[in-house]
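Peer 1: Below: one structure in structure tokens.
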Amino acid sequence: EFEKFKSKELYLIINNLKDFLNQDDYNVKLGSIFLLGLTDNPEALNILISSYSSDLLPEIEDSIFCLAKNNASTLIQNLNREEIQCREIIIRILGKLKIESAYTSIVDNINIPLPDVRTEVAFALGELNNIESINDLIKLLEDPSYDVQNQAIISLQKFDKEIVLPKLTEKLNKTPEEFELIFTKIVFELKPIIDISEVIKFSNSDNFLVRKTVAESLKNYHQEESFEKLVDFLKDSHSHVREEAIMSLESFGDSVIVHLLNVLNDESPWVRYYA
């Protein structure tokens, strides 16, 4: 219906809808947000972004998403707004729509103090699937926020392993102690699954969390080499590693029974429990 109106008439309608957003009636606000999302007009997009409200966030985000498909440049321009919380929505939508021209503007928000914004940056970079963003995602792996780190890991797993592994290995060689655990988490979940040799080489790590991650990942390899390494882990010095090895061995069937019987006297009650 909006397509039938001339630009001047549509301008008046959009302004009226803007005024309705200031009314107290919650349902009137919802209706205005919904209609603004149907106008396919960049000014409507600006109004919705300016009307950022946590109470109406899902509705505003839906309407912005509808408008952004044909008004991506307007959405990108709004990433310079002072309202940092609003950037979270914009970056998420730009990522969902895979707007490649937004790459630079998204990366500019990589150091924003709000963790939620940085989490959306990590998400969007994974959706854009731009090779240049791999280095940015590796940087986010050392973010102080766990949510940001986790999203960066998920996003890196979307890239081809032949591209990601060399860059991760380079980073690991520079900061082995700090980066080893994160490295193993990413590597073991890369698709397609990596060679078992890439997994087993971390089984002698001094960091028990790395060894635990190795034990967890070996359940994906129904090979003799994997089975043997998991049996070795039943003698690991850390109980968490032994627990993880038992859980991974479960997928190997009856052949594990004799080994589980051997750990029923383990000093850790949880190891005995899992066995």
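Peer 1: When Asn70 is evaluated against the numbered criteria (1) more than 30 Å from Arg118 (Cα to Cα); (2) in contact (Cβ under 8 Å) with a residue 12 or more places away in the chain; (3) loosely packed, with under 13 Cβ neighbours inside 10 Å, which criterion, by number, is the only one it fails?
Peer 2: (1)
Peer 1: Next question. Which of the residues spanning region 130-146 are part of a loop (DSSP other than H, G, I, E, B), open to solvent by less than 90 Å² (accessible area, probe 1.4 Å) and under 23 Å from Leu97 (Cα atoms)? First the steps, then the outcome.
Peer 2: Applying the first criterion (part of a loop (DSSP other than H, G, I, E, B)) to region 130-146 yields 130-132, 141-145.
From the residues that got through so far, the ones that are open to solvent by less than 90 Å² (accessible area, probe 1.4 Å) too are 130, 141, 143, 145.
Passing the criteria: only Asn130.
Peer 1: Name the residue, out of Ile33, Ile60, Ile90, Ile64, that is surrounded by 21 or more Cβ atoms within 10 Å (Cβ to Cβ), part of a helix (DSSP H, G or I) and in contact with a Ser or Thr (Cβ under 6 Å, 6 or more places away or on another chain). Walk me through how you get there before you give the answer.
Peer 2: Working: Ile60 fails: in contact with a Ser or Thr (Cβ under 6 Å, 6 or more places away or on another chain); Ile90 fails: in contact with a Ser or Thr (Cβ under 6 Å, 6 or more places away or on another chain); Ile64 fails: in contact with a Ser or Thr (Cβ under 6 Å, 6 or more places away or on another chain).
One residue alone meets the criteria, Ile33.
Peer 1: Can you report the number of residues in region 150-171 which are assigned to a helix (DSSP H, G or I), open to solvent by less than 50 Å² (accessible area, probe 1.4 Å) and closer than 22 Å to Val117 by Cβ? Steps first, please.
Peer 2: Step one: filter region 150-171 for residues assigned to a helix (DSSP H, G or I), giving 150-156, 161-171.
With open to solvent by less than 50 Å² (accessible area, probe 1.4 Å) added as a condition, the list becomes 151-153, 155-156, 161, 164-165, 168, 171.
Applying the additional criterion that residues be closer than 22 Å to Val117 by Cβ yields 151-153, 155-156.
Matching residues across region 150-171 total 5.
Peer 1: A further question follows. What pairs come up if the first residue lies in region 105-129 and is free of Cβ contacts under 8 Å to residues at least 12 places away in the same chain, the second is surrounded by 22 or more Cβ atoms within 10 Å (Cβ to Cβ) and basic (Lys, Arg), and their beta carbons are under 9 Å apart, counting only those six or more places apart or on different chains?
Peer 2: Close Cβ pairs (under 9 Å, with a partner that is surrounded by 22 or more Cβ atoms within 10 Å (Cβ to Cβ) and basic (Lys, Arg)) amount to Asn111/Arg118.
Peer 1: So which residues in region 101-127 are within 17 Å of Leu156 (Cα to Cα) and either open to solvent by 30 Å² or more (accessible area, probe 1.4 Å) or more than 12 Å from the chain's Cα centre (by Cα) (or both), if there are any at all? So that I can check it myself, show each step before the final result.
Peer 2: To start, the set of residues in region 101-127 that are within 17 Å of Leu156 (Cα to Cα) comprises 103, 106-107, 110, 118-127.
The answer is Tyr103, Ile106, Val107, Ile110, Phe123, Glu127.
Peer 1: Go over the candidates Lys229, Lys235 one by one and state the one that is modelled with pLDDT of 90 or more, farther than 17 Å from Tyr274 by Cβ and of a type in the set (D, E, K, R).
Peer 2: Lys229
The values are calculated or read from the model by the stated rules, or taken from the named source; none is laboratory data. Just so it is clear, the structure is predicted and the values come from calculations on it, not from any experiment. As a convention, Cβ positions derive from the backbone with ideal geometry for all residues, glycine included, and neighbour counts pool all protein chains shown. Heads up: the accessible areas ignore ligands, DNA and RNA and are worked out on the full protein's heavy atoms, side chains in. Shrake-Rupley method; radii C 1.70, N 1.55, O 1.52, S 1.80 Å.
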